[in-house]
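This report concerns only the one structure given below.
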Amino acid sequence: MKQIGLNNFQVRKHNKALFMMFMWRHKRLSKSQLAQLSGLTIPATTKILDELIDEGKIDHSAIALSHRGLNSGSFQLPESGPWTLCMCITPTRIEFQLADAQLVAKGECQQKAISAATPDALLNEIEALWRQVCQQWPKKKINLALAVHGQVDPVTGVSQHMPQAAWKAPVQLKYLLEERLSIEVRVDNDCIMLTLAEKWLNRNQQGEFCVINVDYGIGSSFVINGEIFRGNLYGSGQIGHTIIAPHGSLCSCGRQGCLETVASLSALKQAARLRNRALPPLTNRQLLAQWQAGDPWIADWVHHAAEAIGMSLYNFLNTLNINQIWLYGRSCAFGESWRKTIIQQIDFNPFDPRDSLKNRATNIHFGLLDRASQLLGIGYLYVENGELAPLSKLL
């Protein structure tokens, strides 16, 4: 591969993107804070800020962030500009959170139960909800960012496969919604939503981490060197389809014994159905209540499910050597014993210098972001697909 140097234009473009990254993460910063975060001198910082102001990407404010010495105010993202309606959608439910031009939440996150038997019915539900929000804010242009359960092509915005859906064919969500609504639409997987939320809203986040979403299915997403790793075919993170039991149950992907068939909430519901064929199917809420009441069968299932997740994670950790993992999804309600069982499965790693379970346990945590913040994560697709391209893409 040919190696090339950076000219002044490329360096300046990279530094401006770096400043915008800081601004989106912190929303408001002083000149000295930006200089400290970037490692640049005050004169260099001043020049970059002037250019960003001229380009309309940031605004100067008289609001001071410090009362010591001379103060030149602070800098913030513009308050004008399109808002974003962030949605997480399945065929049975839409969760949504409105965000302003700075991607700050406006109002409370909400959810709506739906019953979409066809792709067109799902599109109608999304459109109706978007129009309802627009009526509440008639003077605002509101774009749409969708987090979709299942396999998604983030470039074309096509939902390739949506679990729980009655249909099997791909759905061109981005194209069809942009045609209907005449706005800009972004689409990606719901696990990417969680990863973007951690990346942008957890200011103490490391440059490399993994999010595991254990819910109806099991998904994962990896951030490596500060960037989400997707793979050339956008199939990275399919931990739910690692094989745990080669001769096990048939998975929706067509193979047998995937992790999802052993450790997801859909697997728990299926197992409960097989045990009590004469009774109506139990909901996840009912199964969780039985687990909390000490049902020995469910307790045993939860333990084995956590072991299976830990075994899959062990393989991923040995491959990628990522040691910070955030757990999300409704299965987190199984609590600390569930988490500790996962940790025990990855405790022995011959390539890890740490020698105590206590130290390792600090590396697998329950996600701390509330649901509103999680939903805001999908809105950062506009940021990542805009001026904040990786340096390799700026060359």
Extension reserve of the residue 333-residue 303 stretch, reckoned as 0.36 nm per residue once the Cα distance is removed = 9.5 nm
Carbon and sulfur atoms: what percent of the 1.4 Å accessible area of region 67-216 do they account for?
-> 48 percent
How high is the FRET efficiency from residue 182 to residue 63, r the C-beta distance, R0 41 Å, rounded to 0.05?
-> 0.70
For residue 114, list long-range residues whose amide hydrogen, built 1.01 Å from N in the peptide plane, is under 5 Å from its own amide hydrogen.
-> 93, 94
Violations at 18 Å Cα threshold for listed pairs 27/57; 112/139; 13/199; 269/340; 13/174; 13/47 -> 112/139; 13/199; 269/340; 13/174
Linear extension gain, residue 279 paired with residue 42, 0.36 nm per residue minus alpha-carbon span = 78.3 nm
How far apart, in nm, are two points set 7 Å out from the Cα along the Cα-to-Cβ line at residue 92 and at residue 12?
-> 5.6 nm
Taking a probe of 1.4 Å and leaving out DNA, RNA and ligands, the chain shows per residue an accessible area in Å² of 51 Å²
Neighbour count of at most 12 Cβ within 10 Å plus DSSP loop: longest GluC sites (Glu not before Pro)-free window in the chain | 80-395
For residue 249, other-chain or 5+-apart residues with amide H closer than 5 Å (H placed, Pro excluded) are 257
List 90, 319, ordered by accessible area with a 1.4 Å probe, largest first | 319, 90
Linear extension gain, residue 368 paired with residue 204, 0.36 nm per residue minus alpha-carbon span | 57.8 nm
Derived scalar couplings ³J(HN,Hα) [region 15-30; Karplus, 6.51 cos²θ - 1.76 cosθ + 1.60; whole Hz; x for Gly, Pro] | 5, 5, 5, 5, 5, 5, 4, 4, 5, 5, 6, 9, 6, 9, 9, 8
Bin width 10 Å, alpha-carbon pairs only: give the P(r) of region 8-76 as whole percents, running from 0 to the bin holding the largest distance.
-> 21, 60, 17, 2
When Cα extents along the principal axes in Å is calculated directly from the model, which label among [x] 61, 53, 36; [y] 73, 56, 48; [z] 54, 46, 45 fits?
-> [y]
So, over other residues within a Cβ distance under 12 Å of residue 85, counting Lys, Arg +1 and Asp, Glu -1, the net charge is +1
Within a Gaussian network of the chain (alpha carbon springs, distance under 10 Å), most fluctuating of 259, 52, 381 = 52
Exposure rank, largest accessible area first [156, 242; 1.4 Å] = 156, 242
Accessible surface ranking that places the most exposed of 258, 332 first, with a 1.4 angstrom probe | 332, 258
Selection of trypsin sites (Lys or Arg not before Pro), region 252-307, meeting DSSP coil and at most 11 other Cβ within 10 Å | 277
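The values are calculated or read from the model by the stated rules, or taken from the named source; none is laboratory data. Source: prediction; values computed, not measured. Heads up, the Cβs are rebuilt from the backbone with ideal geometry, glycines too, and the neighbour counts pull from every protein chain shown. Surface accessibility is based on the protein's heavy atoms, side chains included, excluding ligands, DNA and RNA. Shrake-Rupley method; radii C 1.70, N 1.55, O 1.52, S 1.80 Å.
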